[in-house]
Amino acid sequence: MGAAQGGEATAPRRRIWVQQVAVETNRLKMRVDAARARGDLTEPQEMVAVGIDGFVERARAAAFRDDPIPGRLANWWRGTLVEAAYRNMHSARSAMLDLYTDAELRAEIPMVVARANATLHRDDPRRSTIAELSALPTARLRPRMRRLVGDSYEKLDLEHAQLRSFRNIVLLAAAFLFVCVVVTLVFVTRNPSWVPLCFDTGREKIIACPSRELAGARPSAPDILVATAMGGLGGAFAAVLSIRNLKGTANPYDVPVALAVLKFPLGAMTAILGLVAIKGGFAPGLSNLDNQGQILAYALLFGFSQQALSRLLDKRAQDLLEGLPGGEAAAPLPNSKAEVLPADAPAPDAGADGGATGAAPAPGPGSGGPVEGAASTAPAGVAPPGAEEEAPRTSGPLPEKDRPVDEPGTATQQDQFDLLRDTGNARKDQSEDEEAELLRKEFGTPDAQGIYAAPAAATTPPPTGQEGQT
């Protein structure tokens, strides 16, 4: 801890991620001290507490540049300190769940689910719901949440590493193009006739060049410099327009800035190549330019047109940024919220295999057993265990809990099928025979036209919002 404290006195405070690591590690250290102060830690929990202390110390040492101590350029390129600080801090957060009391553990369920939803992809099978975690007994909940938190942070660390690698590739490409432009400028300024950018206007032998327009003008060194500058301006303008479409992020790697740097040399290069293509008659119907202003305008246009080439890079950067927390790729599905069970609610009893026997809380006191006619907890379209022996429903409309999400009262059967498919129903690929069997068990035998009517014993109209559910 002494090294980290010494680093706090000398390390610069301009980096915002250093402040984030410092605050979070202080909070973790406080939580460990509070857990020890309770006096009820077991020997394994005390070993976990010692490990958390080690993770916290290493995270602070990396944030304050005490250990490791890479060069500034190497650290910026490889992200050594950022990776070391965040990975140690994330490991400490995951292990912290082992020190929580039962009440504290269940209070963390919404935060753990929210973090997983913001980090893991919406189709990732590792994601869980609040109701699913709340229904687990404490013996199974603690390792499940630890694994979920660890997977979330691991995915986040890998995405940050991928983002840094993408930024480095873009910067390497920008550096390569910049060197190519500089080499071209050096050779052409010494030998202007190698890349002539002047055009015959057809007006009294007036020759138009990027740098001047007069009779008998010949290619000169300023021509290539002016054309390159106009192309660079066009690339810079395209960079401004592309950055406005990128959303800001809290990650320490400036990918939008790297893309903007790439567009400047790319615009200069496309301006030179575009004027050379016109000079060589490559573009049909555009073999000559009439004046200097037209040459400069085309150079600017060609510099801006590099956006057609770099647009794919912009799209790739946007995809990477959307995968980070807060991005649309990690956003939860619509209507995916679930109610939180009270922290003091009794967990369901474990079955013979040690697992939970159901996903719903046990019936209340005095119920004497399962509530007759209660909704099944199995996913929509899946018959619960023992359904083969159950008699078809004889009265009353479908309870509201039988539906995974709210449905409009005017929903058709096709609308219901589409809704079940969009919300990830487990039996979205069931066959027509399976579907017919489920409908027969629910509503009875269809009539001659194949229509399943409401049960004959139902004497009251369905409540508002349930029309069309059959």
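Brief remarks on what is shown
- Selected residue (only one of 131, 139 is out of contact with any helix residue (DSSP H, G or I) (no Cβ under 7 Å at 6 or more places or on another chain) and either polar (S, T, N, Q) or surrounded by 16 or more Cβ atoms within 10 Å (Cβ to Cβ) (or both)): 131
- From 178, 166, residue being at pLDDT below 90, within 30 Å of residue 268 (Cα to Cα), aromatic (Phe, Trp, Tyr) and surrounded by 14 or more Cβ atoms within 10 Å (Cβ to Cβ): 166
- Selection within the range 45-64 - among the small types (Gly, Ala, Ser) and under 28 Å from the mean Cα position of the chain (by Cα): 59, 62, 63
- Some residue of the range 43-63 being touching a residue at least 60 places away in the same chain (Cβ under 8 Å) and either over 13 Å from residue 31 (Cβ atoms) or surrounded by fewer than 17 Cβ atoms within 10 Å (Cβ to Cβ) (or both): no
A quick yes/no check of all residues on (1) on the phi > 0 side of the Ramachandran plot; (2) in contact with a Leu (Cβ under 7 Å, 6 or more places away or on another chain); (3) of a type in the set (Val, Ile, Thr); (4) surrounded by fewer than 16 Cβ atoms within 10 Å (Cβ to Cβ):
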{"position": "118", "(1), (2), (3), (4)": "no, no, no, no"}
{"position": "122", "(1), (2), (3), (4)": "no, yes, no, yes"}
{"position": "186", "(1), (2), (3), (4)": "no, no, yes, yes"}
{"position": "193", "(1), (2), (3), (4)": "no, no, no, yes"}
{"position": "201", "(1), (2), (3), (4)": "no, no, yes, no"}
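- Spans of helices (runs of 4 or more DSSP H) in the range 76-132 with at least 1 residues more than 23 Å from the chain's Cα centre (by Cα) and not β-branched (Val, Ile, Thr): 80-96, 102-107
The values are calculated or read from the model by the stated rules, or taken from the named source; none is laboratory data. Just so it is clear, the model here is predicted, and its values are computed rather than measured. Glycine gets a Cβ as well: all are built from the backbone with ideal geometry, and neighbour counts include every protein chain shown.
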